[in-house]
Amino acid sequence: MTARKNGHKAHAAQSPCGDATSVRHGGKLSALFSAFAQRTAAWTGHPIAFLLATLTVLAWVVTGPMFHYSDTWQLVINTGTTIVTFLMVFLIQNTQNRDMLAVQLKLSELVLAMKGAKNSYAAIEDLTDEELEELHNDCRTRAEMTEQHLEVRRSGKADGKVIVTKKRAAKTSESKTAESKTAESKTSEARQHEKA
């Protein structure tokens, strides 16, 4: 037990966000509801749940003639689907909040662990809409500046390659000219030797 506690303390010291297992959220009721919401969300997302819902609707449609398509027959499906939808909204919202918080914590951990990253971004989800918009514009401006800088560097490298290519062509031309002059001088020397 002591080793386990020490292990958690060591992990908390390494992790800028702290130890996730030591954080408590609301007690037993919250834990039970969270577990129920997760199980229900997992089950309702399964193909069998969809098949059962489809079979329920088909059974309702088939029983229509038996009840002469009465108001009570329509009320049964309307009431049933309304209740299920109403309850599922809360379950889905709980699951979505949990998943979103988990992703935010993971991203915060990465931001805090990276050198050079702005640590203020770790708690960005707590900002107002106006502050988020301002931060978005700032990030967009920085991204555009970085893109322009990269384009300048790329064009500079391209210009550098053109200059190097021109220099190589000039050297090749000079060496060919020098070779032709050397060949001409040897030819003229040979002719002078023949005349002499």
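The values are calculated or read from the model by the stated rules, or taken from the named source; none is laboratory data. Everything numeric in this text was worked out from a predicted model, so none of it was measured. Note that we place each Cβ from the backbone using ideal geometry, even for glycine, and neighbour counts take in every protein chain shown.
At least 2 residues being under 28 Å from the mean Cα position of the chain (by Cα) and either surrounded by 12 or more Cβ atoms within 10 Å (Cβ to Cβ) or at pLDDT 85 or above (or both) is the threshold, and among the helices (runs of 4 or more DSSP H) wholly inside the range 1-117 those reaching it are 2-14, 28-44, 71-113. Counting the residues of the range 118-136 that are surrounded by 11 or more Cβ atoms within 10 Å (Cβ to Cβ) and among the acidic types (D, E) gives 4.
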